[in-house]
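Derivation of every value follows stated rules applied to the coordinates shown; laboratory data play no part. Everything numeric in this text was worked out from a predicted model, so none of it was measured. All Cβ positions, glycine included, derive from the backbone under ideal geometry; neighbour counts span all protein chains shown.
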Amino acid sequence: MTTPTLKIENLTLGFKTWSGTAKVLHGISLHIKKGERVALVGESGSGKSVTARIVLGMLQQLKSARITGSVEFEGVNLETLKPASRHALRGTRMSMIFQDPTSSLNPVYPIFTQFKEVLERAQPGITNEKARERAISALADVAINEPDRVLDSYAFQLSGGMNQRVMIAMALANNPALLLADEPGTALDVTVQAQTLKLMSALVEKHHTSVLFISHNLGVVREFADRVYVIYKGNIVEQGPTGQLFDDPKHPYTRALLSAVPRITGGGIPDLDDDPSGFTAPLATHDGYSERELLA
Amino acid sequence: MIVLIGVSLLIFAIARVIPGDPARIALGPNATAEAVAVLRDKLHLNDSFLEQYGYFVVDLLRGDLGLSLYTNRPVMADIAQFLPATLELVIVSGLMMVAIGLPLGILSARHRGSWIDHTVRLVTLLGVSAPAFVWAVVLMLAFSYFIQIFPIAGRISDSCTVQTVTGFLLIDTLIAGNFKALGNAVWHIILPAFALALSGIGQAARLVRSNMVETYDKPFIEMAQAYGFPERRIARRYAFRPSLIPSLTIIGLDFAAMLGSAFLVEAVYAWPGLSRYGVAVILRKDLNAIVGTVLVISAMFLIVNLIVDLLVSIINPRIRLSQRAS
């Protein structure tokens, strides 16, 4: 049994407010093995994105955040690391792709400046020529035809799909062990989204990158992920292999989520008075896919 | 250009609406009625407004702003003598504003919510809330009277003789290679320039802070943090530069507004500048001198704004590239 790339155990998160602590995560556990693509699916506000940010260590610096549980990255408990060595992982061993690629790129610097900054994370003091070379080959990998022109452009001069591919190239440039994809391309239109995801999928397969894929888009998840965790109000409610989970959802919330996908034949959006009482039912696991069995 | 024509018309009209007869004021209460009438005729004061403006424009195109009734010299010569002192003061203040205000703003935004931020905000609020002349008096009392480390007034000590080349003492002393005089001039300018700059420093720091705090919430900053770019680098490059764009316009306006508030500071520090001259001539209803002074100051205003616009387009690629495309 090899150590999983990412192992989250019993993670809780609360935000301290004037009127007590608001609980956001109620002890979630998940793991990703090397080269595995795992999806975390849930509605807005269910705690998907904060999970990714805790992994990167970005929420810990908020004074109001209260976090318990453990996050292990390649067998190392991140909480035991010094802040500096934890910071050193960002952009090198783990990287992230964001929802809206165009606004995730700085508007006053050309793409190359930011690309070089990313490359510098792994290779401090990289020369301009070398960085450019690396950036061009990374952009070629994401099917960008005129890498030179793109590198000298600003984000607002490129299309959303272009920027998304630039982001993917940046995210994979340092060959990270873990890629956190937070609703990648939700801000893009569907066809472009499908194209870029296909690209990303091929690249992570090639580099054996583990992926935590965060999404509310079930269609995309079905295409992309090997395994799925369904999260509802800060609890994992169902987990299993993608095919089984979609064909035979066990948890009431997963069923409701799946039936909420609009269909061309009509229907799909459930009535509001659909009984949500079952949604808080305990974790439903598919045979052989519980945390204990998978990590044994 | 159009702005300048408008300003000249307006100030020309206003100057003539101020009550009192310029000729009478110039000649004094004991002058005879004939003498006043002769001077009125000489100044074209009996002609219609448009004719007066016509004379003025023709003279202006020849580079002649007329005689000052107050100093009895060409207005151009007066302005040439007083303008450099004011410009020197305002430019030094402007540099202080940028050199102190912007770093304070960055510091405050980077440590937002901490005691550093609160201290900076409190101090800059003080700077903004009291007008320049109050600071001029307070600073003068504190650092020239109680703790005598700065001179009370003036541009330079009488013991230093400097040959006038540009009228800017800091530059003239440098040209002459007279470093003792340069030091003396710097020593004289620090306090008035700082008093003048204080509200600008406060405003610049607060503006940069609030714009930067807003920028810190943008996705591209989160991206920079997620990729582990060094915090300091994020502050100085990724958050500061986008925030500078909206701040810069205001800072430019502030800079130009210093030309106006320079008057009171000049008065407090007996600084022989244009603002002091401007007020003196208004009180004496010296028409030519008023119009000339206002024209020069509004020209300065326009030049500063032009420079700011150019700077903004250098920093903001969106403006730069859209101009190239059109």
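For this structure, a couple of remarks:
- Convex hull of Cα atoms in segment B:12-75, direction-averaged projection (nm²): 4.6 nm²
- Panel order for A:Met58, A:Met170, by other beta carbons found within 10 Å of each beta carbon, from fewest to most: A:Met58, A:Met170.
- Considering only the protein assembly as shown, percent of DSSP beta bridges that pair antiparallel, nearest 5: 55 percent
- A:Ala39 long-range amide H proximity, modeled H, under 5 Å: A:Phe213, A:Asp226, A:Arg227, A:Val228, A:Tyr229
- The trypsin sites (Lys or Arg not before Pro) of segment B:58-165 that DSSP puts in a loop, and whose beta carbon has at most 12 other beta carbons within 10 Å, are B:Arg62.
- Per residue of B:228-239, other chain Cβ atoms within 10 Å of the residue Cβ number 4 on average.
- Contact order normalised by residue count of chain B, Cα under 8 Å, 6+ apart, percent: 27 percent
- Spatial separation of Cα centroids for segment A:146-194 and segment A:52-105, in angstrom: 21 Å
- Per-residue mean of C-beta atoms belonging to partner chains within 10 Å, peptide A:111-120: 3
- Within the same chain, aspartates and glutamates fewer than 8 places from B:Lys218 are excluded, and of the rest, those with a Cα less than 14 Å from its Cα are A:Asp100.
- Relative contact order %, segment B:98-211, counting alpha carbon pairs below 8 Å whose residues are six or more apart: 47 percent
- Nearest 10 degrees, 0 to 90: helix A:160-173 Cα axis against chain A principal axis: 80 degrees
- Based on the Stokes-Einstein relation at 20 °C and a viscosity of 1.002 mPa s, and on the Kirkwood radius from alpha carbon pairs, segment A:67-138 is assigned a translational diffusion coefficient of 149 µm²/s.
- Fewest-first ranking of B:Thr86, B:Thr249, A:Thr242, using other Cβ atoms within 10 Å as the exposure measure: B:Thr249, A:Thr242, B:Thr86
- Relative contact order %, chain A, counting alpha carbon pairs below 8 Å whose residues are six or more apart: 24 percent
- Helices assigned as whole DSSP H runs in chain B whose Cα atoms extend at least 27 Å along their own long axis and whose mean Kyte-Doolittle hydropathy is 0.0 or higher are found at B:75-96, B:179-216, B:240-268, B:287-315.
- For the segment A:46-58, counting C-beta atoms of other chains within 10 Å of every residue's C-beta and taking the mean gives 1.
- From largest to smallest, the equivalent ellipsoid semi-axes obtained for segment B:75-325 from the alpha-carbon gyration tensor read 36, 22, 17 Å.
- Helix A:111-122 axis, angle to chain A major axis (alpha carbon atoms, nearest 10°): 70 degrees
- Scaled against the 2.2 N^0.38 Å expected of a compact globular protein of N residues, the Cα radius of gyration of chain A reads 1.03.
- Derived from the Cα gyration tensor, the three semi-axes of the equivalent ellipsoid of segment A:13-95 are 22, 17, 11 Å, largest first.
- Calculated P(r) of the protein assembly as shown - Cα pairs past 32 Å, %: 63 percent
- The Cα center of segment B:256-290 and the Cα center of segment B:1-77 differ in position by 19 Å.
- Prolate is the label for segment A:110-238, because the ratio a/c of its alpha-carbon gyration tensor axes (a ≥ b ≥ c) is 1.5 or higher and a/b is greater than b/c.
- Max mean-square fluctuation residue, GNM over chain B, Cα-Cα springs under 10 Å, options B:Thr32, B:Thr173, B:Thr293: B:Thr32
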